[in-house]
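What follows is calculated from the coordinates using simple rules that are stated; it is not laboratory data. Worth saying up front: this structure is predicted, and the values here are computed from it rather than measured. Reconstructed Cβ throughout: ideal geometry from the backbone, glycine too, with neighbour counts over all protein chains shown.
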Amino acid sequence: MPITTFNSFNDGLAPNQRSREHFIASIDLEDGPHWVPYADGVWIQPCHFNVTSGGFSVVLKGFPGAALGTHYHIGTVRGFTMRGHWRYLEHDWVAKPGTFIYEPAGEAHTLIITADSPEPALIFFAVEGGLIYLDKQVDGGFAAYEDGFTALEFCLKYYRETGLDVRKLDALVR
Ligand SMILES: [Fe+2]
C-alpha cells in the first residue's frame, strides 16, 4: 500500500551490507508465496529497489478486471507485458504480450487489466522515481505516495508478517 504520511526511510542496511555489485533475481511467474499484495486483485514481486534514484522495478500481476488507482509519475517508466491484456483508461490502446511502453514523466494514468484478458496480466515495470496516487481520475489531488523506499518498506513488512526471508529483499537494494 502506498503511504499518505511522510517519514524518513532508508534501506535499513548497515553501511557494510550495502552493495554496488550486479545481481540477478528469480521472479516466480506462477502462484508462489512471494507475490506481495498491492491492491484488490493486484500483486507485485520486486526486482530492484533503486535507493540511488528513488525508483523501483517490479513484476506486477493483476487479475482480469483489477485496477490500480489513478497516479501521476514524477519520473519516466518503462514497461513490458509478458502475459494478459491491460490498458490505461486515458489511452485507447490495449497492451498484450510483447507490448513495450515508455511513459514520460508528468503523466497521470489509471491501469486496468481488461475484463476480457484471457489470463492474469504479468507486466514488468521499471519506475524511475516516485509516483503520486490521486484522489480522482480528472484534476485529482494528492491521495498517496510511492517510491523505491516505500515499496521496500511494505515488502519488508509483508515478508516479516508471512515469514518469508527478508534477505531476499535486501539483495535487491542498490
Ligand atoms: Fe504508472
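Per-structure values
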item	result
Radius 10 Å from Cβ of Asn50, net charge of other residues (Lys, Arg +1; Asp, Glu -1)	-1
Residues of the stretch 1-28 with amide N under 12 Å of the 7 Å Cα→Cβ point at Glu161	1-2
Cβ-based net charge around Trp35, under 12 Å, with every Lys or Arg adding one and every Asp or Glu removing one	-2
For the stretch 45-170: rounded, prolate or oblate by the Cα gyration tensor [a/c cutoff 1.5]	oblate
Within-9-Å neighbourhood charge of His109 [Cβ basis; K, R +1; D, E -1]	-3
Where Cα atoms sit under 21 Å apart: lysine pairs in the stretch 45-170 separated by 8 or more or lying on different chains	4
Residues Lys96, Lys136, Lys61, sorted so that the one with the fewest Cβ neighbours within 10 Å comes first	Lys136, Lys96, Lys61
Using alpha-carbon coordinates, inclination of helix 148-162 to the longest axis of the chain, degrees	80
Residue exposure sequence - Ile132, Ile74 - by fewest surrounding Cβ within 10 Å	Ile74, Ile132
Order of Thr114, Thr150, Thr52 under a 10 Å beta carbon neighbour criterion, fewest first	Thr52, Thr114, Thr150
